[in-house]
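The values are calculated or read from the model by the stated rules, or taken from the named source; none is laboratory data. Predicted model only: the values in this text are computed from it and were never measured. With ideal geometry, Cβ positions are generated from the backbone for all residues, glycine too; neighbour counts draw on all protein chains shown. Protein only, heavy atoms only, side chains kept; ligands, DNA and RNA dropped before computing areas. Shrake-Rupley method; radii C 1.70, N 1.55, O 1.52, S 1.80 Å.
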Amino acid sequence: MKKLLQKAETALGIDLDGDGHVGKPKPQQQQQHGGYHGSAPQPQYAGPYGPQPVSHGGYGQPPPQAYAPAPVAGPGRGNVKALLIGINYYGQRGQLSGCVNDVKTMQNLLRKMGVAQGSYQEVVLVDDKSFPGAKYPTKNEILTAFKWLASNNRPGDTLFFHYSGHGGQQRDTDGDEADGYDETIIPVDFQRAGQITDDVIFATLVKPLPAGVRMTAVMDCCHSGTAMDLPYLFKANDSAMQKAMQNPAQFAMAMTNKKNAMKLGMELLQDFLG
């Protein structure tokens, strides 16, 4: 598994396991940083809620320079925006404990990958009111943030969406679900405002994107496999991953509809359990 992960890192150019290396570790060499002395000025991102300082790994400390990857965005490469949502549902039934911390982890990852610089914009929604610069993740605030992320984009722009919290299902009302249920994400005020369905997520966050805009979505919740109503599923078992790493640019995605999602999930579980 370690070798397969290293191949994936080499193909994608990303440190996936957080060990500070892309691919197989190389012998460490002394790094020189061109006469760099003192503290670098703190960068800012100009989000829709006003400028905020960009915090690095360790909060306030510059990231390690030895493994700083080349930035994926910059002059001529389009703008980069990120929406990070983490909900622990403090004081409610089903309270979680790690979702706000997931947002911090994602912030650090984006810094480490060299994304959070230049024209980078970031909006954070968490239910920890001590989190600097964050908005409260009500249904209305989440939908407003969706519209912000999906608006004013052009070919070459890069978007990142992360959600960590509860996911659920509710009765489908328009007949587009084979199993009769829409997948949902659950805002902090769901008991009053209701859930956000996959139909709404697709219409608000995916459909408005123009051709040439790339969005990466990471959803850490139940029923996340089809929570954006996308038409493609990639079955990430050993054989499919090996094929993908042999030719990353041309590997085939498994196109299917929602009625096969549960079957694919069970097959993945069986592969994992051996």
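Points to keep in mind about this one:
- With R₀ fixed at 35 Å, the C-beta to C-beta distance from ASP176 to GLN242 puts the FRET efficiency at about 0.55.
- Simple label model, 7 Å out from Cα along Cβ direction - GLN117 to ALA211, nm: 3.3
- Here the spin labels are modelled as points 7 Å beyond Cα on the Cα-Cβ line, and at ASN101 and PHE234 they lie 2.8 nm apart.
- Sequence-distant residues sharing a close amide H with ILE85 (under 5 Å, placed H): LEU125, HIS162, TYR163, SER164
- Working ranking of peptides 127-135, 192-200, 84-92 by packing, defined as the average number of other Cβ atoms within 10 Å per residue, highest first, is 84-92, 192-200, 127-135.
- Once the chain from VAL218 to GLN92 is taken as fully extended at 0.36 nm per residue, the excess over their C-alpha distance is 42.9 nm.
- With the highest mean first, a sort of the peptides 202-215, 99-112 on other beta-carbon atoms found within 10 angstrom per residue produces 99-112, 202-215.
- Taking amide H as placed 1.01 Å from N in the peptide plane, the amide H of ASP172 sits under 5 Å from that of TYR181, ASP182, each at least 5 places away or on another chain.
- With 0.36 nm allotted per residue and the present C-alpha distance subtracted, the PHE131-ASN152 stretch has 4.9 nm of extension available.
- Short-range pairs are left out: with C-alpha atoms under 8 Å and at least six residues apart, the relative contact order of segment 122-167 is 23 percent.
- If you take the Cα centroid of segment 184-219 and the Cα centroid of segment 95-117, the two points sit 19 Å apart.
- When TYR181, TYR232, TYR136, TYR120 are compared by accessible surface with a 1.4 Å probe, the order from highest to lowest is TYR232, TYR136, TYR181, TYR120.
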